[in-house]
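The values are calculated or read from the model by the stated rules, or taken from the named source; none is laboratory data. Fair warning: this is a prediction, and the values are worked out from it, not measured in the lab. Cβ: placed from backbone, ideal geometry, glycine included. Neighbour counts: every protein chain shown. In case anyone asks, the SASA skips ligands and DNA or RNA and just uses the protein heavy atoms, side chains included. Shrake-Rupley method; radii C 1.70, N 1.55, O 1.52, S 1.80 Å.
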Amino acid sequence: MTQAILRQIIDYSHRANPYPLYEELRETPVYHDADGPYVVSKYYDIQSLLHDPRVSSDARNLKATAGDPLGDTEEESALPPAFLRLDPPEHDRLRRMTNRPFGPPHSPRRVHEMHGELADIVSGLIDGIGDPERIDLVDQFSYPFPVTVICRLLGVPREDEPRFHTWADVLAASLDPVPGADAGERAKVSNNARTELGMYLAGLIEERRKKPGEDMLSQLATAHGPDGAMTTMEVMSTAALLLIAGHETTVNLITNGMLTLLRNPGILQRLREDPKLAVPVVEELLRFEPPVQLLPQRSTLADIEVRGVTIPKGSSLWLVLAAGNRDPDRFENPDRFDPDREDIQHLGFGSGIHSCFGAPLARLEAQLALGELARRLENPRLVEDPPPYRQNAVLRGPRHLSIACDGIRP
């Protein structure tokens, strides 16, 4: 195997089905060539490294290497790094502060209490689909749903939600490489959107400090707990993280989910008849088609030995979650979509201190979305398979998903 396999993994021609490449990659569980990254692809190794304090997520520790095909994908931003891209103790402080208004133990019912509002958003989007023979699930459902949810979570006024949709569109597009496009112009457009988003958030934070509500942004802006208070820049950075990271991954989870169900009509029929099946369906989807395929841009803070290979301090590290999720040493028949698995301890949300912060919300969104789509779409079928995919190899999902059905049930 040569370094070409890394180029193949990020090459668009393999986007529809990268899993044979991951199978090949697992034959060399710790792969390294020349000055490229160290690539880890087996389940237990990835899980161990996700819990290893010698692995850094801080981009400031990452040295650019000529052989890393994803080494230059970090977006410039005027905002400070969000906790996703920090190490302890900075990471721990900001994550604790963000978690207080979001989940247990301080706000244990935050996500649960959104159930009714999320269900209403899902119903409204399905009601608005229009022609049942010409559905683009991404544009008409998967894409607008999560950004609307993030707006409601943060407490963005309803009249301002369209502005958030516009910023999300621009920032999502900036994550996808476009061969032949003017990189400078793309960066300018992206940075303008980030600046506008930042200025808007700064104004909204100031309003919430003067007149707080029950929304999450109010609580982030006004909380004074054991870790002190967040600065305005830290609140802005955290809110932007919730918008960008929370939105993109959920779009892919829902779209990959519907694509997988349409390819497995027996399971789709079971879900239609039994809404409770949505829980194991979503967990198996997070294993079978994870929305985040790999974690690049990690680095080692010390020498780390994995399977007899020493990964030197300061090395660039890739953790290929999607390869680990289909590791036959961990999962029986890993290439089969099977929501009846008794053990689906997947890597779809990562693990360790950087496990997906928004996992409870993403799970609920996907369960409601796929359950209602299964119930309400009559005889749904794929118009194009495979569909056109996004350019992004890390956040992998269809850019469009064309579906036709006989009608839409009330």
Karplus ³J(HN,Hα) for the range 140-146 (6.51 cos²θ - 1.76 cosθ + 1.60, θ = phi - 60°; Hz, whole; x = Gly/Pro) runs 8, 9, 4, 7, x, 4, x
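Report, as a whole number in µm² per second, the diffusion coefficient that Stokes-Einstein gives for the range 248-378 at 4 °C and 1.567 mPa s using the Kirkwood radius over alpha carbon pairs. Walk me through the numbers before you get to the answer.
Details: Rh = 16.0 Å.
It diffuses with D of about 81 µm²/s by this estimate.
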For Y389, other-chain or 5+-apart residues with amide H closer than 5 Å (H placed, Pro excluded) are R399
Which ³J(HN,Hα) values in Hz, rounded to whole numbers, follow from the phi angles of the range 148-162 under the Karplus curve 6.51 cos²θ - 1.76 cosθ + 1.60, where θ = phi - 60° and Gly and Pro get x? 5, 5, 4, 4, 5, 4, 6, x, 5, x, 3, 5, 9, 4, x
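How do 132-140, 356-364 rank on mean C-beta neighbours within 10 Å, highest first? Don't skip to the end; give the middle numbers.
Values: 132-140: 17.4, 356-364: 20.6.
Answer by packing, highest mean first, reads 356-364, 132-140.
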Specify the residue with the greatest mean-square fluctuation among M258, M233, M199, computed from a Gaussian network of the chain linking alpha-carbon atoms under 10 Å apart. M199
Report the Cα centroid-to-centroid distance between the range 8-31 and the range 76-144 in angstrom, as an integer. 30
Quick one: which residues, 5+ away or cross-chain, put their amide H under 5 Å from the amide H of V383? H built at 1.01 Å from N. S402, I403, A404
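Calculate what fraction, in whole %, of the accessible area of the chain sits on carbon and sulfur atoms when a 1.4 Å probe is rolled over the protein chains.
Working: 9060 of 17750 Å².
Here it works out to 51 percent.
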Pop out the ³J(HN,Hα) list for the range 241-258 in order, Karplus 6.51 cos²θ - 1.76 cosθ + 1.60 with θ = phi - 60°, rounded to Hz; leave Gly and Pro as x. 4, 4, 5, 6, 5, x, 6, 4, 5, 6, 3, 5, 4, 5, 5, 4, x, 5
Hey, could you pull the Cα Rg and Dmax for the chain, both in Å? 21.0, 60
Could you tell me which residue out of A202, I135, C151 lies farthest along the dipole of the chain toward its positive end? Charges go on the beta carbon: Lys and Arg +1, Asp and Glu -1, centred on the Cα centre. A202
For the chain, report the accessible area per residue in Å² (1.4 Å probe, heavy atoms, rounded to an integer). 43
Other-chain or far-sequence residues with amide H under 5 Å of L301's (modelled H): V55, S56, G314
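Show me the ranking of peptides 338-350, 40-52 by mean Cβ neighbours inside 10 Å, starting with the highest. Show your work: numbers first, answer last.
Details: 338-350: 17.5, 40-52: 20.2.
By packing density, highest mean first, the sequence is 40-52, 338-350.
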